[in-house]
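The block underneath contains the structure these notes are about, expressed in structure tokens.
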Amino acid sequence: MNAWEHVLKARDKKRPLPHDFMDHLFQEFVEQKGDRLYGEDGAVYGGIAFYKGIPVTVISITKGKDMEENIRRNFGSPNPEGYRKALRLMKQAEKFNRPVFMFVDTKGAGCAVEAEERGQGEAIARCLFESASLRVPILSIITGEGGSGGALALASGDEVYMLEHAIYSILSPEGFSSILYKDAKRAKEASDIMKITAEDLYALHIIEGIIPEGEDISENLSEVLLRMEEILDRFIGKMKETSVETMLQNRYERFRKFGEVSWKP
């Protein structure tokens, strides 16, 4: 498959959303709302749950399945209060020593004037800054689109995985094409040089692994969930044997090494 075919699959309206995976993987989920500063943002869906008897914090950026839900979730594009809610849940997890699991499917952060007025850039930067030193394990899975800093804010932990047909990029192919070619209609061509597929990012050591999903993820959902479960089990087991200081040092080195990656279009 070429990059554009992956883009189309990542955007497929029938594709399972982050909260679909959460519903299957975690038990007794209790949603928590609000950032305690401004309001509630439906694009960020998170709370506390159990994973095989272990208390965990689960956070996602998610779209909706129909127009009504998409409007409520701002089509999966969080505003500042969404990122501040995510940070509130991360800090709560740190206080109670709960591992954090994140699921991401977003074209990017909300870009309305109101979002900028309420501090969109600062909210994303704060998520990155605080999660870098969070004293509990963090694992992120990109299930669909992973767009720009809007996705990076919830994908800056100890390990990051992508579904086979997910994408992860600095901006959309349309936006990249508009800048590079001055023509958004050349998005298909642009996607081929952006290095946005799971295979590309695994080769560049940006992610730890790829979760196979086959031709139709809806038909193979049980296998995908089994693979996710294996990743979560291994991650929890590994982190139980790792000291907080070692975990933080490994997290630091994980991001430092990205500057050493040789990238060529």
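The values are calculated or read from the model by the stated rules, or taken from the named source; none is laboratory data. None of the values given here were measured: they were computed from a predicted structure. Don't worry about glycine lacking a Cβ; one is built from the backbone with ideal geometry, like all the others, and counts go over all protein chains shown. For accessibility, only protein heavy atoms count, side chains too; no ligands or nucleic acids. Shrake-Rupley method; radii C 1.70, N 1.55, O 1.52, S 1.80 Å.
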Original post:
What's the number of the condition Phe101 fails, among (1) open to solvent by 10 Å² or more (accessible area, probe 1.4 Å); (2) touching a residue at least 40 places away in the same chain (Cβ under 8 Å); (3) not in a loop (DSSP other than H, G, I, E, B)?
Top reply: (1)
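Go through Glu253, Glu215, Glu199 for me and flag whichever is open to solvent by 50 Å² or more (accessible area, probe 1.4 Å) and more than 25 Å from Ser156 (Cβ to Cβ). Give the derivation first.
On the way: Glu253 fails: more than 25 Å from Ser156 (Cβ to Cβ); Glu199 fails: more than 25 Å from Ser156 (Cβ to Cβ).
Criteria check complete, one pass: Glu215.
Considering Leu225, Leu221, Leu201, which residue is within 21 Å of Gly144 (Cα to Cα), of a type in the set (A, V, I, L, M) and in contact with a His (Cβ under 6 Å, 6 or more places away or on another chain)?
Sole residue among the options that is within 21 Å of Gly144 (Cα to Cα), of a type in the set (A, V, I, L, M) and in contact with a His (Cβ under 6 Å, 6 or more places away or on another chain): Leu225.
One line per residue, one yes/no per condition, for (1) modelled with pLDDT of 95 or more; (2) in a loop (DSSP other than H, G, I, E, B); (3) aliphatic (A, V, I, L, M):
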residue	(1), (2), (3)
Ile206	no, yes, yes
Gly214	no, yes, no
Ile217	no, yes, yes
Leu225	yes, no, yes
Glu229	yes, no, no
Phe235	yes, no, no
Lys238	yes, no, no
Thr246	yes, no, no
Arg251	no, no, no
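Filter the range 194-204 down to the residues that are part of a loop (DSSP other than H, G, I, E, B) and of a type in the set (A, V, I, L, M, F, W, C) and list them by number.
Our first condition is that a residue be part of a loop (DSSP other than H, G, I, E, B); within the range 194-204, this holds for 194-196, 204.
Answer for the range 194-204, where residues must be part of a loop (DSSP other than H, G, I, E, B) and of a type in the set (A, V, I, L, M, F, W, C): Met194, Ile196, Leu204.
Could you identify the single residue in Glu145, Glu130 that is within 30 Å of Arg88 (Cβ to Cβ), more than 14 Å from the chain's Cα centre (by Cα) and among the acidic types (Asp, Glu)?
Numbers: Glu145 fails: more than 14 Å from the chain's Cα centre (by Cα).
Result: Glu130 is the single residue among Glu145, Glu130 that is within 30 Å of Arg88 (Cβ to Cβ), more than 14 Å from the chain's Cα centre (by Cα) and among the acidic types (Asp, Glu).
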Subject >> Long-range neighbours under 7 Å by Cβ, at least six apart or interchain, first residue closer than 14 Å to Leu226 by Cα within the range 20-43, second modelled with pLDDT of 95 or more and not hydrophobic (A, V, I, L, M, F, W, C) >> reply: Phe21/Thr143; Met22/Ser60; Leu25/Tyr51; Leu25/Glu229; Phe26/Tyr51
Original post:
In the range 224-237, what count of residues is obtained for those that are free of Cβ contacts under 8 Å to residues at least 12 places away in the same chain and either surrounded by 14 or more Cβ atoms within 10 Å (Cβ to Cβ) or on the phi > 0 side of the Ramachandran plot (or both)?
Top reply: 0
Original post:
So which residues in the range 170-199 are touching a Phe, Trp or Tyr at 6+ places or on another chain (Cβ under 9 Å), within 24 Å of Val160 (Cβ to Cβ) and of a type in the set (A, V, I, L, M, F, W, C), if there are any at all?
Top reply: Ile170, Ala190, Ile193, Met194, Ile196, Ala198
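Search the range 5-36 for residues being touching an Asp or Glu at 6+ places or on another chain (Cβ under 7 Å) and of a type in the set (A, V, I, L, M, F, W, C), and hand back the single one that is farthest from Val100 (Cα to Cα). Don't jump to the end; show me each part of the working.
Here is the first cut: in the range 5-36, the residues touching an Asp or Glu at 6+ places or on another chain (Cβ under 7 Å) are 10-11, 17-18, 25, 33-35.
Those still in the list that are of a type in the set (A, V, I, L, M, F, W, C) too: 10, 17, 25.
Details: Ala10: 24, Leu17: 18, Leu25: 14 Å.
In this case the residue turns out to be Ala10.
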Original post:
open to solvent by 10 Å² or more (accessible area, probe 1.4 Å) and touching a strand residue (DSSP E or B) at 6+ places or on another chain (Cβ under 6 Å): does that describe Glu208?
Top reply: yes
